Structure formats: C-alpha cells, structure tokens
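Following: one structure in structure tokens, then a few remarks.
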Ligand SMILES: Cc1ncc(COP(=O)(O)O)c(C=O)c1O
C-alpha cells in the first residue's frame, strides 16, 4: 500500500504494523478502543473477552486503578530522569521488590525497555561476565530450535523460529541450538509431558563439538510460549541445569511470558524448582501498560563485575529509558496489584478447571493436540494442505467476531488469559472457542 498522497486523519496506510499481514488487516481492520478488567471494547462497541492478556502481558487484567494512578501521578511529578550516573527512588524500589519475589540467589536487576532488549542484555552480560573472570574464550551462545527470544539480533540468533531468522542475514556468529522438545508421543498430555528429558543431553554433544571453554551461556524459555506453547518434559530443565553447572556455562531462563504468575508461581524457575543464573522478563512486569523489561541476575554474576577502581563504569551497557520513572512506578503498582489479588499464585488454583475445560475440545474437528499448564493453553489444529496457518487465522478472525480474543502461531491457538479470570469466564472462553473451531472445520 504505497503512499501517493498525504494520509487523511483516519487513513490506515502510514502505520506499518508489526508482525501483521498489513494489506489484509487494512482491508478488514479489527480495532480496539477500550479495555477494562477481562474485556476489550471493539470499535463497534462489542465486548471482547480477553483470552490472551493482550499479548501475554496484562496479567492483572486491564485498566487497574492502582497502576493507572501511579502512572498519572509520576507523569506529573518526575516525568523523566537520566538513567546514567544518576538515579531516582522508584527504580531502586522496584528492583528490591523484584528480588523479593525472585528465586533464591537472584539478587540484582538490570532494566531494559522490552523483552528483546532484556534478552540481548542478558547475552551481553554473559559474555562480559566470563571475560571479567578471565575466561574470554567463552563466546559461544546456545539457544534452542523453536525458541522465541524477541527480535534483536541476539534474540533472533539464539531463537529458533525460522521466519524470524531467515530474512535477516547470518545474524550472530558462534551460535548453536539444542533440539526443541515438541514430541508427538506427548500429544494431549495434561501438564508437563513425560517424554523428552533426554533432549537436554544434546548439550553434551554441543560441548563435545565446540569445547565447554568456548560456550558462554544456554538460553531457553522454561516454557516456550510464542512458538505455540511447548512445555518442558519432566526432568528436562533439571538436566539442563545439571549440565550447564558441570561445564561452567551460564543458564538463562527467558521468562518474558512465564514471569509474573503465568504458571502459578511468580516465575517459572520457582514452579519447576530450577534456578538459572539469569532471568529475563518484561510484559507482566508493568502489566503491559508501559514498556519495561529487566534482566535479573545472580549475586555471583553481578559481583564478578564489581572489581577494579570504584570510579570506573563496570558494564558499558544501558538504555536512555532503563528504569524510567513512569515505568518504575507502573512496575511497583503492578506488583502491588498482583499481591492485592494473590494473582502470582492464582493460576495454580484455576489450573484444574482450566485444564478440564481446555481438554474438552479434544474431540473437536481438526484438533491434533492440546497442551496446558498454569493459565496457559494451546489447541493445535491440523493445517490445511498447502496453506499452513490459514485454518488458525480463520479461527482468530471468527473468534474476534464471536467476542473472544485468542492468539495464533502457525496453526496453534494459544490462550493465556489475565490471571483475574473467573471459572465462568473460562467456560465462556472455551465454549466460544469450541464453536469457532467447529465453524472453521
Ligand atoms: C520468551 C520471550 N522473549 C522475548 C520476547 C520479546 O519481548 P518484546 O516483544 O517485549 O521485545 C517475547 C515476546 O513475546 C517472548 O515471548
């Protein structure tokens, strides 16, 4: 859609939309104009039940008063403070509160503005950490097939979603990948799958191939969300932790989706009882309201940098908006909102109801797998021959028209509602989805 004139006020052509089929969208737009708690308001006034917490981020639901108030007040008292060599109380306060809910041993917070930046920051910290300790040969980064770690060059390099990589050249050198953990024999498993822990042993193969002394870090999503909700097989993350420790390799959990209660614990690390050396987060950190991400690191990583003369900058990295006052205020108010509603553990209470409702779709047409954990779920549909993704996209459009917001990746429908959802709303979401799946058969 080339611009051959100045756009009119309501013209859709100037905005080049991200991860969107622009021409198709602009021919038939789906617009949101409001949101409150569990619902969006569409431009035509319809209420749409949010089955995806926006983009896996509005974990406390929409327009929560404490968060709105914190943002409003901070915007009129300290709109911006430089992030380098000067501070403001909110950023320190939020960091302390994040460490309070983080697993044992995670003690420091480095702020970014997004999940992608958090990932690239964590990878850079990993490289600089080894160098600071005199192991500068550790430059290799290991990701996983089908992993999603955002869209920066670091993230797409360690990521394993083909379309996010193939158009952008060779990306970072010295990256390798573990195999993904999506096995056919685990289809329709409720919760964590039985088969596949052995796939973590592939790290031994990569160590044998490259030498442990060349490998800086392994990064994985403890539960892979954007690729279509792939759960870690029982024992898999434990094995990865064991092997990374054995070989002096840092383990990074990308918790951009799993952070802040999605699986029924503040972080997936606690849910699985596996503590990484670093964790990335974003999204639910501010309830999606203001862009903010963070890298949470172990004390040991941070302390390795705190050497040499005091006046020297320890890490040459940061963003203009790292720990921005309004984002920090939103983060603090978000954590308070989670605490007020016990939201960081609520998914564990709703999990059985969610699981039962979701697996009730197993006999629906074209359903080839259903996966779930905490308040996350996936329904995988058989692809239409020669038109991968089309069946799910049709379901997405029909679902929006039917009053529910779902998310799709390929032919997988992913669900991750706000953690305030009621059991009745779960039933409404899943039964509407059932009708939509039938209508797209
Ligand atoms: C696991 C994971 N990492 C990183 C990102 C990137 O986050 P952002 O879109 O905020 O850059 C995402 C986004 O969905 C994600 O799911």
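Every number in this text was worked out from the coordinates using simple rules, so none of it is lab data. The structure displayed is predicted, hence computed values, not measured ones. For neighbour counting, all protein chains shown are included, and Cβ atoms are generated from backbone atoms with ideal geometry for every residue, glycine included.
Shape class for the stretch 88-200: oblate, because the ratio a/c of the largest to smallest gyration tensor axis (alpha-carbon atoms, square roots of eigenvalues) is 1.5 or more and b/c is at least a/b.
How do 17, 405 line up, fewest other C-beta atoms within 10 Å first? Could the numbers behind the result be given before it?
On the way: 17 11, 405 22.
Fewest-to-most ranking of 17, 405: 17, 405.
Would you work out if the stretch 165-217 is rounded, prolate or oblate? Take a ≥ b ≥ c from the square roots of the eigenvalues of the alpha-carbon gyration tensor; rounded if a/c is under 1.5, else prolate when a/b is larger than b/c, oblate otherwise. Oblate, since a/c reaches 1.5 and b/c is not below a/b. Here the stretch 402-439 and the stretch 287-362 have alpha carbon centers that stand 26 Å from each other.
Among 92, 393, a tally of other beta-carbon atoms within 10 Å of each Cβ gives an order, fewest to most, of 92, 393.
Can you pull the Rg over Rh of the stretch 11-110, Cα-only, Kirkwood? Please report the intermediate quantities before stating the final value.
Working: Rg = 18.8 Å, Rh = 17.4 Å.
That ratio is 1.08, to two decimals.
Peptides 309-322, 223-236, 116-129 ranked from most to least packed, by the mean per-residue count of other Cβ atoms within 10 Å: 116-129, 223-236, 309-322. Taking a point 7 Å from the Cα of residue 139 along the Cα-to-Cβ direction, the residues of the stretch 156-176 with backbone N closer than 13 Å to it are 172-175. Placing a pseudo-label 7 Å from each Cα along the Cα-to-Cβ vector at residue 386 and residue 348 gives an inter-label distance of 5.1 nm. Residue exposure proxy: 344, 350, ordered by other Cβ atoms within 10 angstrom of their Cβ from fewest to most, comes out as 350, 344. Summary of the geometry: the stretch 1-80 and the stretch 190-225, compared by the centres of their Cα atoms, lie 37 Å apart. Dividing the convex hull volume of the alpha-carbon atoms in the stretch 155-276 by its residue count gives 109 Å³ per residue.
Per-residue counts of other Cβ atoms within 10 Å, averaged by peptide: what ranking do you get for 206-213, 371-378, 23-30, highest first?
Values: 206-213: 14.8, 371-378: 25.0, 23-30: 10.9.
Ranking the peptides 206-213, 371-378, 23-30 by packing returns 371-378, 206-213, 23-30.
Does the stretch 310-383 classify as rounded, prolate or oblate by the C-alpha gyration tensor (a ≥ b ≥ c root eigenvalues; a/c under 1.5 gives rounded; else a/b over b/c gives prolate, otherwise oblate)? It is prolate, given that a/c is not under 1.5 and a/b is the larger ratio.
Taking only the alpha-carbon atoms of the stretch 303-441, what semi-axes of the equivalent ellipsoid follow from 5 times the gyration tensor eigenvalues under a square root, in whole Å, largest first?
Details: eigenvalues 321, 87, 41 Å².
In descending order, the three semi-axes are 40, 21, 14 Å.
Length gained on full extension, residue 41 to residue 238: 66.6 nm, using 0.36 nm per residue less the C-alpha separation. Protection proxy ranking, highest mean first, for peptides 37-49, 154-166: 154-166, 37-49, where packing is the per-residue count of other beta-carbon atoms within 10 Å, averaged. Across the stretch 91-208, Cα pairs under 8 Å and at least six residues apart give a relative contact order of 17 percent.
Looking at the chain, the DSSP beta bridges with both ends there are about 65 percent antiparallel.
The Cα atoms of the stretch 68-340 cover 55, 47, 39 Å along the three principal axes, with the biggest extent listed first.
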